[in-house]
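The values are calculated or read from the model by the stated rules, or taken from the named source; none is laboratory data. It should be emphasised that the depicted structure is a prediction, and the values quoted were computed from it without experimental measurement. Neighbour counts are summed over all protein chains in view; Cβ atoms, including those assigned to glycine, are modelled from backbone coordinates with ideal geometry.
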Amino acid sequence: METNSVAFFNAETAPSLPVKPIVAAWKVKNPQNVGSLMRLVDNLGGEKLILLDDEIPKREASIRKTAGLSFKNVSLYYQSSADFFDQIPDGYAVCAIETAEGASNLFTTKLPDKIVFLLGSETHGLNDQLLERCSHAIYIPMTGKCKSMNISHALAVCLFEWQRQQLFSAE
């Protein structure tokens, strides 16, 4: 059997999200990770990915290759951390995806309707100054032996749990 995800999802009648999440990532260095994050933002209908970094990734070809068609659908914005926090739309809560003290279990936490997901660098996560500015911190419980996850995988888990809560939760 041959599958075609575009045809499948065009025929699927899923409700639309009332608001789109905002996604930002701090000091992400791997261009493939940036491309994967762009693709995930596009999966939920987002139009931009905010990179909090002074260094613009130089390997746009790698980002483009990993992002695929999403490279045309999602814009990359570069901001300083200070500018980012000053420009968060009213009513949005910043939620760090981080294994930090005080973080709550993603699957037992009611996520805000208007949410900004903030991810940290691949090697060091988010620093204390950024974590202090977040209204929430969540972690993904891992029951296996490996207790780390690629940032694009972490974003996927969190984005789709947020979408599930927005559209398919029986509250």
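The residues on offer are 82, 154, and the sole one that is among the hydrophobic types (A, V, I, L, M, F, W, C), closer than 24 Å to residue 31 by Cα and modelled with pLDDT under 95 is 82. Would a scan of the range 114-133 turn up a residue that is in contact with a Gly (Cβ under 9 Å, 6 or more places away or on another chain), farther than 22 Å from residue 29 by Cβ and of a type outside the set (Ser, Thr, Tyr)? Yes.
Which residues, counting only those in the range 30-43, are out of contact with any helix residue (DSSP H, G or I) (no Cβ under 6 Å at 6 or more places or on another chain) and closer than 13 Å to residue 157 by Cα? Steps first, answer last, please.
Restricting attention to the range 30-43, the residues satisfying the condition of being out of contact with any helix residue (DSSP H, G or I) (no Cβ under 6 Å at 6 or more places or on another chain) are 30, 41, 43.
Answer for the range 30-43, where residues must be out of contact with any helix residue (DSSP H, G or I) (no Cβ under 6 Å at 6 or more places or on another chain) and closer than 13 Å to residue 157 by Cα: 41, 43.
Scan the range 119-159 for residues that are free of Cβ contacts under 8 Å to residues at least 24 places away in the same chain and within 30 Å of residue 13 (Cα to Cα) and the total you get is 1.
Taking the range 103-134 as the range and being part of a strand (DSSP E or B) and modelled with pLDDT under 95 as the test, the residues that pass are 121, 125.
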